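Okay, structure first, notes after.
The values are calculated or read from the model by the stated rules, or taken from the named source; none is laboratory data. Note that this is a predicted model, so its numbers are computed, not measured. Cβ placement follows ideal geometry from the backbone for every residue including glycine, while neighbour counts extend to all protein chains displayed. Quick note on the areas: whole protein, heavy atoms, side chains included, nothing else; ligands and nucleic acids left out. Shrake-Rupley method; radii C 1.70, N 1.55, O 1.52, S 1.80 Å.
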Amino acid sequence: MATANANAKGARKKEVKKETGLGLTYKKNENFGEWYSEVVVNSEMIEYYDISGCYILRPWTMTIWEVLQTFFDAEIKKMNIKNAYFPLFVTESVLQREKDHIEGFAPEVAWVTKSGQSELEVPIAIRPTSETVMYPYFSKWIRGHRDLPLKLNQWCNVVRWEFSHPTPFIRSREFLWQEGHTAFATQAEADQEVLEILELYRKIYEEFLAIPVVKGRKSELEKFAGGYYTTSVEAFIPNTGRGIQGATSHCLGQNFAKMFQINFENDKGVKAMVWQNSWAYSTRTIGVMVMVHGDDKGLVLPPKVASVQVIVIPVPFKDANTDAIFSACSSTVQALREAGFRAEADLRDNYSPGWKYSHWEMKGVPLRIEIGPKDLANNQVRVVRRDNGAKSDIPMGNLVEKVKEILSSIQECLFNAAKQKRDACIKIVNTWDEFIAALNDKKMILAPWCDEEEVEKDVKARTKGELGAAKSLCTPFDQPRLPEGTLCFASGKPAKKWTYWGRSY
Ligand code: 87F
């Protein structure tokens with residue numbers, strides 16, 4: 001009887017497991033692409049949609065986005081940048097005012113051509129970015145130097161009809177972002193803001209998402225074609241050996257001021273053109289986080305962005321006092337919440353503790369607290385870290401203090417582990433042969449470069465292949481010493497700077 005019961009229970013468990021898809025079929029190091037798709041779905045971040053390249057962002061994703069948004073929004077408000085909202089649609093004639101820079105992007109612009117069954121008189125585009133939407137109004141609103149600086153930001157969606165392989169968060173046809181657009185009287189003010197914003201992007205990656213990034217400047221070939229210069233934070237995905245642009249902060253110079261006639265009368269009564277910046281980060285940030293920290297059990301969330309930082313799970317045992325265990329779980333959650341942690345108890349009675357462990361591991365919750373009869377008797381709880389699986393018992397009296405300590409240790413360990421892995425992928429090369437070897441070895445390559453556009457084109461052409469060409473990622477602001485007489489790895493001409501290279505997303 002006992003055995004039959006156990007068997008029935010076992011069968012039921014298996015059924016549940018199957019139904020909910022607990023556990024991953026693919027391993028991160030064996031089948032990275034499939035692993036990633038499985039993690040984002042099984043962790044309940046993403047649901048696939050019946051339009052290719054479009055994804056449902058579920059609450060588990062949106063709470064992370066909101067944490068980043070709350071941070072960034074408060075920071076830009078300190079900088080006196082104001083939020084606004086401009087329309088989703090743009091007419092063809094306005095979009096085309098930016099001819100030169102739109103040229104390369106044109107195939108990605110999505111158009112509305114019909115309402116109901118009737119053709120629209122003029123098709124309207126869906127914004128792929130909002131320069132052309134906003135700048136006619138910058139021109140209208142800016143008259144004199146007292147109207148400057150004009151600093152606007154908007155939180156919105158944009159659509160880019162990509163044709164290369166779509167990937168949730170990383171390359172989707174619609175995504176969420178913030179786009180900042182600012183105008184100044186002087187280049188000095190614009191230059192300063194570019195770096196202030198870039199520093200906020202570094203903080204998003206390093207301090208929230210626990211991902212190391214390199215700050216630097218894009219090459220002439222890789223910069224935003226409509227701008228003057230582009231800075232970025234660059235991350236790296238060791239599993240694929242690809243760099244990924246994390247966010248960009250551009251100085252547009254006076255290019256758009258010329259096109260859109262954004263002029264002002266300066267303090268001497270002389271007409272002048274404004275200096276502009278634009279900058280953005282998107283939901284791509286979340287994809288980079290999944291790729292960098294996730295493991296074979298699923299998602300791994302840095303505590304600072306986790307919507308649930310601590311999950312409390314009752315572990316009732318035979319004839320132990322279940323009510324007391326459940327109420328200990330509730331009061332633990334209450335104590336943690338009062339101390340400012342995002343904590344929840346999983347008190348569902350139709351799942352076993354073991355099932356719940358796997359479930360919350362899959363969802364990447366940083367810390368699990370288990371409370372069973374022994375813990376109750378000893379006035380303690382058992383805590384298990386998601387990042388390294390380490391278990392410890394902590395006395396109830398020290399709960400808040402210890403949880404705080406462990407969560408900040410997890411945040412720090414995740415960053416350090418990611419940095420160690422990233423650093424192990426950095427390869428310094430001096431010659432073309434070393435460069436090719438490092439590229440085949442999936443490295444993030446730091447090489448001395450002559451900084452000539454033609455040479456970068458040549459590097460792309462010479463590395464073209466199935467995996468995609470290599471390109472420059474950025475020239476890091478933090479430059480190692482470049483010894484006199486160092487030659488460019490690709491052209492053999494005198495090198496001007498150290499630049500990161502690699503395949504990229
Ligand atoms: C796709 C279609 C049409 C990128 C596009 O980075 C236009 C574009 O202008 C386009 N894809 N871009 C560049 C966007 C530049 C800039 N915009 C404001 C940013 C930051 C936010």
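Taking residue 211 and the conditions (1) within 16 Å of the ligand (Cβ to nearest atom); (2) in contact with a strand residue (DSSP E or B) (Cβ under 7 Å, 6 or more places away or on another chain); (3) outside any strand (DSSP E or B), which numbered condition does it fall short on, given that it satisfies the others?
(1)
Pull out all pairs, ordered by first then second residue, where Cβ-Cβ is under 8 Å, the residues are six or more apart or on different chains, the first lies in the stretch 95-107 and is in the same structural domain as residue 136 (by TED's automatic domain parsing), and the second is open to solvent by 70 Å² or more (accessible area, probe 1.4 Å) and at pLDDT 85 or above.
100/225; 101/225; 104/225; 107/161; 107/163
Does the stretch 237-263 hold any residues that are open to solvent by 10 Å² or more (accessible area, probe 1.4 Å), part of a strand (DSSP E or B) and away from the ligand (no atom under 16 Å from the Cβ), and which are they?
242, 263
Going by the structure shown, is residue 192 modelled with pLDDT of 95 or more, in a strand (DSSP E or B) and either among the acidic types (Asp, Glu) or surrounded by fewer than 22 Cβ atoms within 10 Å (Cβ to Cβ) (or both)?
no
What are the residues in the stretch 74-84 that are assigned to a helix (DSSP H, G or I), open to solvent by 30 Å² or more (accessible area, probe 1.4 Å) and touching a residue at least 24 places away in the same chain (Cβ under 8 Å), if any?
Matches in the stretch 74-84: 75 only.
State whether one or more residues within the stretch 60-73 are among the hydrophobic types (A, V, I, L, M, F, W, C) and without any contact (Cβ under 8 Å) to a residue 12 or more places away in the chain.
Yes, there is a match, as at least one residue in the stretch 60-73 is among the hydrophobic types (A, V, I, L, M, F, W, C) and without any contact (Cβ under 8 Å) to a residue 12 or more places away in the chain.
So which of 418, 424, 437, 490 is out of contact with any Ser or Thr (no Cβ under 9 Å at 6 or more places or on another chain) and within 15 Å of residue 234 (Cα to Cα)?
418
What number of residues in the stretch 84-120 are touching a Gly at 6+ places or on another chain (Cβ under 6 Å) and within 19 Å of residue 173 (Cα to Cα)?
Number of matching residues: 0.
Could you please find all residues in the stretch 110-146 being over 23 Å from residue 183 (Cβ atoms) and within 16 Å of the ligand (Cβ to nearest atom)? Let's see the steps before the verdict.
Within the stretch 110-146, the subset over 23 Å from residue 183 (Cβ atoms) is 110-126.
Listed by number, the residues that qualify are 110, 111, 112, 123, 124, 125, 126.
Only residues that are out of contact with any Pro (no Cβ under 8 Å at 6 or more places or on another chain) and within 29 Å of residue 196 (Cα to Cα): list them for the stretch 457-494, please.
471, 472, 473, 474, 475, 476, 477, 478, 479, 480, 481, listed by residue number.
Can you go through 300, 274, 288, 310 and tell me which one is open to solvent by less than 50 Å² (accessible area, probe 1.4 Å) and in contact with a His (Cβ under 7 Å, 6 or more places away or on another chain)?
None of the others qualify; the one that does is 300.
Looking only at residues that are within 20 Å of residue 503 (Cβ to Cβ) and hydrophobic (A, V, I, L, M, F, W, C) in the stretch 218-236, which one is farthest from the ligand (Cβ to nearest atom)?
236
For residues that are open to solvent by 50 Å² or more (accessible area, probe 1.4 Å) and away from the ligand (no atom under 15 Å from the Cβ), scanning just the stretch 147-169, find the one that is farthest from residue 246 (Cα to Cα).
Filtering first and then ranking leaves 147.
Report those strands (runs of 3 or more DSSP E) wholly inside the stretch 321-432 carrying at least 3 residues which are open to solvent by less than 50 Å² (accessible area, probe 1.4 Å) and not polar (S, T, N, Q).
Numbers: elements: 343-345, 367-371, 380-385, 391-395, 426-428.
Output list reads 367-371, 380-385.
Have a look at 122, 90, 133 and point out the one that is of a type in the set (Val, Ile, Thr), over 18 Å from residue 227 (Cβ atoms) and open to solvent by less than 50 Å² (accessible area, probe 1.4 Å).
90
Can you give me the number of residues within the stretch 85-109 that are away from the ligand (no atom under 13 Å from the Cβ) and not in a helix (DSSP H, G or I)?
5
Suppose we filter 55, 36 for residues that are in contact (Cβ under 8 Å) with a residue 60 or more places away in the chain, in the same structural domain as residue 173 (by TED's automatic domain parsing) and open to solvent by less than 30 Å² (accessible area, probe 1.4 Å); which single one remains?
36
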